[in-house]
Amino acid sequence: MNTQIPTIDHDAAIVRIAVDYIEMPDLIVTARQAGRLWNIPADVCERALAALVERGFLVQTRAGAFLRRTSGDAMPLPQAS
């Protein structure tokens, strides 16, 4: 069985992840779980999660899990292509 992960660009990964966190505000996942959940290659997923942390949309726990920041201004998202 061929289980290739489809290609996705960095901006599209950021949008996909952010939208799901908006729809599921209590979502908490590790980078590995996120890659499986969104079917995104590990390197792209890790960069997208890091960008969302850098922008203040997500926070990363000491255990490495990512969750949505509960306060602050809305984060502008890149336009999906």
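Every number here is computed from the coordinates shown, using simple stated rules; none is lab data. Just so you know, these numbers come straight off a predicted model, no measurement behind them. No Cβ is skipped: glycine too gets one built from the backbone with ideal geometry, and neighbour counts run over all protein chains shown.
Which ones in the range 13-35 are assigned to a helix (DSSP H, G or I) and loosely packed, with under 13 Cβ neighbours inside 10 Å? Hits for the range 13-35 are 19, 23, 32.
Scanning the range 36-53 for residues that are assigned to a loop (DSSP other than H, G, I, E, B) and under 22 Å from residue 70 (Cα atoms) turns up nothing.
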